[in-house]
C-alpha cells in the first residue's frame, strides 16, 4: 500500500477552501471596516456565576440527547442518543452521552453504595465507595457503544438522522480501579474462568465476562470526564470493558461473582444473542468491530453554501485497538482516498478524521471506511447481510452512505 | 539516569493496598453475604430524561467552581476556580472549567458573531461563524492555565485549599481552525511579525502574539469537549494558544490584526507584566513553565482511614511540550521517587500521575516535581523568589508542599 501524502492533500484542500471562503466572506460584509460593536462590547457581562456549575449557551438549546418514540415500549427501558452531528472532538460531553436503561435510571446514595466481590475467591469483599477509591487507580479514554447502534438500519435506510442511526456511542475519560487489582485482592481460585457482573438497577442487569478480559483492561470506574460518573452512566460505579458491547459495561455495579462457567443470564439469551440464518444463535458477540461515520455533512447538517470547498468530518473507532486509517469516497464507494487523522489516535477510542472536498454542486454519495490496526476493514451492509442474515438487531457496523442532493440536503440511503 | 521500574513499584503498591483495604472492607460489613437490596434495586428508575441535557447527581452538588471573595474588587472582573480535588482524569468538565473575566461574560448571539482578520494582509476578511466552520479544522487536547494560578501563594502559604491555590487551570479537547490556515487565506505581508488578538467583551481584552507562534499551533476554537464552547470560555469563538498564559487565549474573539510590532496594550503593561527586583519590568512571559500538584491527598481530601496504604494522585503539565517524568517526595523534598504516568501523555496537556504510599500515621510533607521533555525541572518557591523577587503576581509554578498531620488532615505549607 502506498503511504498517502496527507500534507499535500491538505494543501489542496486549504487552497480550494481559500477561494470559496473569500466569496462567502465578501457576502458577509465589507472587509475593510472592523465589525460593528454590539451591545455586548459596550457593557459589563455577567460576573462570576452564582450558579457555580456551568451550563451551555442558551443558543445551543437544540443540542440535546434525543430518542426514537416508536423504538421502545416504555421510557424506562428506552435509549436516547448522542448528537454526534454537534460533537466537534473525540470527547462526548457528559450532558450529551447516550443513555440506555433496562428498567430506568436508579438514584443511588453513594454513602449506601456497596460492591460485593464473591464466588470462587479466597477472600470475598464488600467494599464501600471510599474503600474502592483507596485502591491504586488508572484513567484512560475509551468509547462505549451499544451493539444496537444502527439496529434500525439493518433492513433498510429507515431513519434520516445521524443522531438516531449512530448516536448510541460516547467517548470519555474513565477513571477507577483496574478490575485485575480487585481480583488480585480477593484471590481468584485456580479453576475460575469467568465472572458475572450485575447492576443494582431494578433489572439487575447482568452479564458474564471471561476472566482473561477482566485481567486485561477492565476498569471499575467512578470518574468520567473530570467529575463523578453521571447518574445515567452508573453513578456511583460502573464497569468499563474497553472495546466491548455497551451492555457488558454494567452500570450501578453491585456484584462481581467469580465462577467456572458463564451464567447464561436472560441478557445472554433473550437479548444480546443473535439468531443466524442457519438457525444457530450467536452468543457472546462482545467485541465492537471497527466502524466509522461521516458527521459532516449529514442529514442534520446539510451543505448550505452551494458548490465549493467543504471539509468532510467524522469519527472512526475499533473495539480491537487503534484506528489505522480512514478512507473517504465521494462516488458511492467506487473510489476511496485517505482521510487525515487528528491526534491523539488512541486504542478503543474515537478517532477524528477530516477530508477536504471540492463539491461541484451535483448529487453525490459520500462514505467513510475505517481500517483498524488488526487489518480489519469496515464492511458494506451487503457484506454484513451475507453472514448475519436479513433481520438481525445488533452489530451493524456497516459503511454509512449519505446522499448529497443538488440543493445541499443530505439523505440516509443504502446502496445494494 | 536509571529508568524507574514502574511495574515493580506498582506491584508493591497493590500488595500494600491489599492488606489495608481488606481490613477496611471487613469493617464495612460481612463479606459472605451479598449486599442487601436497596429501594433502587426493587423499583423502576427514571425513564429517558425529560431534561435531555444531562446533569450531575444531586449527591455531587458541592463539586462546583468557587472563588476567593477577597481577591477581586468586583464580580465582573473576578475569577472562579476548577475543583481539581474532584477531577479524576485529565479532561476538565465544561461545567467546572475555571473562569476569568476582565469585564464579565458577554452573551453573544452566534448569528450576529463576526471575526475580522485585518492589518498587514493582502485581503482582509470578515467571517461569520458559518464561514469559519467551513475551513479545514483540527481538534487537540490542551490545558489552559491563568498565570495568576497560585498568585496568593507567592508571599506565603495563604489559602488552605487545592481548588483555590491551583484551580485556575482546565484541560479540554479544543476544535476549530488553525490560525495559520486563516493567515494563509488573508495573505500576510512579508514584513509582518506580530498579531494583536482582541475580544468582543466589554474590556476588549487584547494581547499581542508573535507571528511564529500563530503559524505553529494556535487554534481559532469553536468546540470544547464534545459541544460548542461554553459562554464563559468565549462562546462562540476563542483563540487557543497551546501552552501559553490563559489571558492570551482571547475569548469572544473579535479581531486578529496583523502588524509589524506588538501593540503593547494595557494588558501588556498594567497587567501581565512583572516588575523584577532590578526595577526592570518583564513583558511577554508567555510560556507556562512545567508544573505539577498532588490532588490527593490535599486540604479538601484528607486521609480518612488511619495509617495504611494510600495512592497519591495528581496532575502535571508543561507549556513547552510533554511531561517526561514526575517524582514524588513524602519527606519534604529530601528524597524523591518516580510516579507512574497514565496514558495518554500528550503535549501541552494535563498528565495524570499516581504514586503508591504506605503511610505510617506520622506527620509527613508530600510534594510532586515534574520534569518536562525539554529537561526543565519544576523549581521550589525558594528558587523562584531568587529571580522573581518577593512580591510577584504571576508564574508561580513552584513545588507545592502538603503537610499531612497525624489525624490525616492536610495543610498547605511552604518550606524555607
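The values are calculated or read from the model by the stated rules, or taken from the named source; none is laboratory data. Just so we're clear, the structure is a prediction, and the values are computed from it rather than from any experiment. Quick reminder, even Gly has a Cβ in these numbers, built from the backbone with ideal geometry, and neighbours come from all protein chains shown.
Some points to look at:
- The set of residues from region A:356-384 being in contact (Cβ under 8 Å) with a residue 60 or more places away in the chain and in a strand (DSSP E or B) comprises A:356, A:357, A:358, A:366, A:367, A:368, A:369, A:370, A:371, A:372, A:377.
- Filtered residues of region A:399-416 (kept if buried (at least 21 other Cβ atoms within 10 Å of the Cβ) and part of a loop (DSSP other than H, G, I, E, B)): A:399, A:400
- Scanning region A:88-100 for residues that are surrounded by 17 or more Cβ atoms within 10 Å (Cβ to Cβ), under 31 Å from the mean Cα position of the chain (by Cα), at pLDDT below 80 and within 7 Å of chain B (Cβ to nearest Cβ) turns up nothing.
- Any chance residue B:200 is in contact (Cβ under 8 Å) with a residue 24 or more places away in the chain, in contact with a strand residue (DSSP E or B) (Cβ under 8 Å, 6 or more places away or on another chain) and not assigned by TED's automatic domain parsing to the domain that holds residue B:395: yes
- Check on residue B:84, in contact (Cβ under 8 Å) with a residue 24 or more places away in the chain, within 7 Å of chain A (Cβ to nearest Cβ), under 22 Å from the mean Cα position of the chain (by Cα) and crowded, with 24+ Cβ neighbours inside 10 Å: no
- Where residue B:123 falls short, out of the listed (1) under 17 Å from the mean Cα position of the chain (by Cα); (2) more than 27 Å from residue B:285 (Cβ to Cβ): (1)
- If you filter region B:316-344 down to residues that are within 10 Å of another protein chain (Cβ to nearest Cβ) and more than 17 Å from residue B:367 (Cβ to Cβ), you find that the one that is surrounded by the most Cβ atoms within 10 Å (Cβ to Cβ) is B:344.
- Yes/no for residue B:103 being surrounded by fewer than 24 Cβ atoms within 10 Å (Cβ to Cβ), free of Cβ contacts under 8 Å to residues at least 12 places away in the same chain and within 11 Å of another protein chain (Cβ to nearest Cβ): no
- Taken residue by residue, region B:147-154 has no member that is free of Cβ contacts under 8 Å to residues at least 40 places away in the same chain, out of contact with any helix residue (DSSP H, G or I) (no Cβ under 7 Å at 6 or more places or on another chain) and assigned by TED's automatic domain parsing to the domain that holds residue B:243.
- The set of residues from region A:245-256 being away from chain B (no Cβ under 14 Å) and either farther than 24 Å from residue A:397 by Cβ or surrounded by fewer than 24 Cβ atoms within 10 Å (Cβ to Cβ) (or both) comprises A:245, A:246, A:247.
- Residue A:181 being part of a helix (DSSP H, G or I), surrounded by fewer than 24 Cβ atoms within 10 Å (Cβ to Cβ) and at the interface with chain B (Cβ under 9 Å from one of its Cβ atoms): yes
- Residue in region A:267-288 that is touching a strand residue (DSSP E or B) at 6+ places or on another chain (Cβ under 6 Å), within 12 Å of another protein chain (Cβ to nearest Cβ) and surrounded by fewer than 24 Cβ atoms within 10 Å (Cβ to Cβ) present: no
- Among (1) part of a helix (DSSP H, G or I); (2) closer than 18 Å to residue B:393 by Cβ - the single one residue B:213 does not satisfy: (2)
- So residue A:208, is it within 14 Å of another protein chain (Cβ to nearest Cβ) and more than 30 Å from residue B:315 (Cβ to Cβ): no
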